[in-house]
Amino acid sequence: MVNVRVVFPSIFSKVTMGEKEVHISALTLNEVLAKLVTRYGDDFKERIFEETGELRRLLAFYLNGRNVRFLDGLETELKNGDTISILPIASGG
């Protein structure tokens, strides 16, 4: 296992009990998110995943500044000291 830091946007403060960041031991992004769902429950899960199990389209997940959609998505492998940032994507017209 490796230790990574996860940084949450302020819009997650209700579902993360006010925590702005946490440290998690995991090997992949999928494993990190599973541990966060266990920690924060279904409200967190609903904010992260579509009903299909895909990552929500209006959220961007960055690993050390690189969008995981251009890496291996949920199966992106992690290294010790990595930072995962979850950011809302601005939309509208």
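Laboratory data are not the source of any read-out in this text; all were calculated from the coordinates shown. Computed from a prediction, not measured in an experiment: that's the story for all the values here. FYI the Cβ positions are ideal-geometry reconstructions off the backbone, even for glycines, and counts take in every protein chain you see.
The figures follow:
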read-out: Residue order, fewest to most beta carbons within 10 Å, for Asp72, Asp82; value: Asp72, Asp82
read-out: Label-point separation, Glu75 to Lys45 (7 Å along Cα→Cβ), nm; value: 2.3
read-out: Positive-end extreme of charge dipole, the chain - chosen from Ile11, Gly41, Asn67 (charges on Cβ); value: Ile11
read-out: Between the range 56-78 and the range 1-16, the Cα center-to-center distance that results, in Å; value: 14
read-out: Residues Phe61, Phe49 arranged by fewest to most Cβ contacts within 10 Å; value: Phe49, Phe61
read-out: Size of charge dipole - the chain - debye, nearest 20, with Cβ of Lys, Arg +1 and Asp, Glu -1, no other charges; value: 300
read-out: Length-normalised contact order of the chain in % [C-alpha pairs under 8 Å, at least 6 apart]; value: 38
